[in-house]
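Data block below; observations after.
Just so it is clear, none of the values below were taken in a lab; they were calculated from the coordinates. The structure displayed is predicted, hence computed values, not measured ones. When we count neighbours, we look across all protein chains shown, and the Cβ atoms used for this are built from the backbone with ideal geometry, even at glycine.
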Amino acid sequence: MPGCWDGWADSAPCAWPIEGTGSYGAGLARHIAGAGVRVVEVDRSDRQDRRRRGKSDPLDAISAARAAQSGRARGAPRGRDGTVEAIRVLMVAKRTARSERTQTINQARSLVLTGPDDLRVRFAHHATAFLVAELAGLRPRPGATVGYATRIALRELGRRAEFLDGQLERLDELIFPLVTAHAPGLLALYGVGPDTAALLLIAAGDHPARLRSEAAWAHLCATAPIPASSGKTANHALWRIVITRMSSHPPTRAYVDRRSKEGLSKTEIIRCLKRYVAREVYPHLRPPAS
């Protein structure tokens, strides 16, 4: 952004309000923050206001400026420049690889189920790992057109699943050390594995100090009375922890039993437990002091 932007920082406002600092506005937020100007994150303009006054870039800019001036927008940008960002991009690759692996195995099972009788008898009841290894090792011989084509397709699907398995292992080898170094206390909590810890860290961002309090974190996780719209990732991570604890954590099981006798539904109990877990993980979102 050099050239026409030269010297802009000298006349810049005391704070730049930017929408989407964790996505499309990330580059602009980095550039402005790098010039020493404070950046505040603003939410999308109010829906009723957009409906009443219309939507355009100038109107959005005015709305953002007013939010910053009034103090309504004072959140720090999430940040895309540290360990958590490295974890996030690796988790993007892992999520898509895991999804493709599931799709590949489902396609293979479908071909087995609808394929020739000998393939159905041979592979229909195999466990996933054994099925993948067997399919990848197939050596189709020319014969009946459909049978030959089905065996080739199954072999390729098996090899694809093996490739994705290797990709997932390599990504785990990169993600786990990053999570361990950044939040060792998080992994020490009951029911928190590397994947769940990674999701929580991603929700908090590289600058968790922007979450001004434990209540603000609960709001982001959508476990507060008024949930935040951006808390789906963190909420899902909390749900995974709660479900794990409900099945094998004695204090949690005792709590569920007591609250059930008081008349709470399972949904209400899970919501209470997610709020407790949000409070428990909050102190561990920051990296250890060096």
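Between residue 247 and residue 267, the C-beta separation translates, for a Förster distance of 22 Å, into a calculated FRET efficiency of about 0.85. Under 5 Å from the amide H of residue 39 lie the amide H atoms of 16, each residue being 5 or more positions distant or on a separate chain, with H modelled from the backbone and absent for Pro and chain starts.
Summing +1 for each Lys or Arg and -1 for each Asp or Glu among the other residues whose beta-carbon sits under 12 angstrom from that of residue 275 gives 0. Our estimate of slack between residue 214 and residue 128, defined as 0.36 nm per intervening residue step minus the Cα-Cα distance, is 26.8 nm.
Summing +1 for each Lys or Arg and -1 for each Asp or Glu, what net charge is found among the other residues whose Cβ lies under 12 Å from the Cβ of residue 160? Numbers along the way, then the final one.
Working: positive: 101, 155, 159; negative: 100, 156, 162, 165.
Every neighbour counted, the sum reads -1.
Computed from the alpha carbon positions, the gyration tensor of segment 110-177 leads to an equivalent ellipsoid with semi-axes of 29, 12, 8 Å, biggest first. Look at the alpha carbon pairs under 8 Å that are at least 6 residues apart: their mean separation over the length of segment 129-218 gives a relative contact order of 19 percent. All other residues whose Cβ lies under 15 angstrom from that of residue 244 are scored, Lys and Arg at +1 and Asp and Glu at -1, for a net of +2.
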